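**Q** My questions will all concern the structure given below.
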Amino acid sequence: MSEKVQMSRQQQKSRETKEKIFQAAKSILQKQGYEELSIKNICEEAGVSNGSFYHHFKTKDDLLSYYIEDQPQMDPDLLELPDNVAGVKRGIIQVYMNYVKYCRELGVEFMAEYYDTKNQALNAESRAERPYPIVTVQTYVEKAAAAGIVKLNVTISEFTTDIRMIVIGNVFEWCVKHGKADFEGNMSRSLGKYLDAVLCGP
């Protein structure tokens, strides 16, 4: 058996184990709530060892972040740079419309348990890796600025922090209202107003 085939089988097995762990966590969250979401319970539910869990994830919140934020990704290089500021704004909002769609797929109960103040995966200062959507948006804006399409009137670090807080606020509002908020409308409107304030033409 070639090394390449062997590697792809190992990768497949790894993906299956990750999926099994995630489904176990999702099941516990839905049936028993966040308080019962211990690594011991996840491993028992998934039928995997603690070692297998830690091979894939650092903590239980790292596990949830993996599935919430490493959704099927929109590669920043595939986001074509438009000719003007309005196009850049549309591109950024599109990234978060995809995120909203993914939150809906996971369900309001799941997201409400995840968006808990105890979840340190939501704390940007304690995370080893930054969540995918904001990395995509940062890369996109930096490319647009380098190409002379837009100017940012705040620092890139302030920009990504502000966007992160707007997004968290919108998800929280949707969860608090048990899914009855206009998730897409609110996200699009609040991001649009912010982008109008900080992005301008060259």
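Each value in this text was obtained by applying a stated rule to the coordinates, not by laboratory testing. Please read these numbers as outputs of a predicted model, since none were measured by experiment. All Cβ positions, glycine included, derive from the backbone under ideal geometry; neighbour counts span all protein chains shown.
**Q** Using only helices, what value at 222 nm comes out for the chain when you add -39,500 (n - 2.57) per DSSP H run of length 4 or more and divide by the total residues, to the nearest 500 deg cm²/dmol?
**A** The helix contribution divided over the chain gives -22000 deg cm²/dmol.
**Q** Shape call for segment 131-181 from the C-alpha gyration tensor, a ≥ b ≥ c root eigenvalues: rounded (a/c under 1.5), prolate (a/b greater than b/c) or oblate?
**A** Prolate is the answer for segment 131-181, as a/c is 1.5 or above and a/b outweighs b/c.
**Q** Using only the Cα atoms of segment 89-166, build the gyration tensor, take square roots of its eigenvalues as a ≥ b ≥ c, and label the shape rounded, prolate or oblate: rounded if a/c is under 1.5, else prolate if a/b is larger than b/c, else oblate.
**A** Cα axes put segment 89-166 in the oblate bin.
**Q** Contour minus end-to-end for S190 and A146, with contour as 0.36 nm per residue of separation and end-to-end as the Cα-Cα distance?
**A** Result for the pair: 13.3 nm of gain on full extension.
**Q** As an exercise, use a Förster radius of 25 Å and the Cβ-Cβ distance of E35 and M165 to find the FRET efficiency, rounded to the nearest 0.05.
**A** The computed FRET efficiency comes out at 0.40.
**Q** At M97 and Y54, where each label point lies 7 Å from the Cα along Cα→Cβ, what is the point-to-point distance in nanometres?
**A** That separation, rounded to one decimal, is 4.4 nm.
**Q** Sticking with this one: With loop defined by DSSP as not H, G, I, E or B, and exposure as at most 16 other Cβ atoms within 10 Å, which is the longest segment of the chain clear of exposed GluC sites (Glu not before Pro)?
**A** 1-79
**Q** Using a Cα-Cα cut-off of under 28 Å, which lysines could be cross-linked to K89, ignoring same-chain neighbours fewer than 8 residues away?
**A** Excluding near neighbours in sequence, the set is K101, K143, K151, K177, K180, K193.
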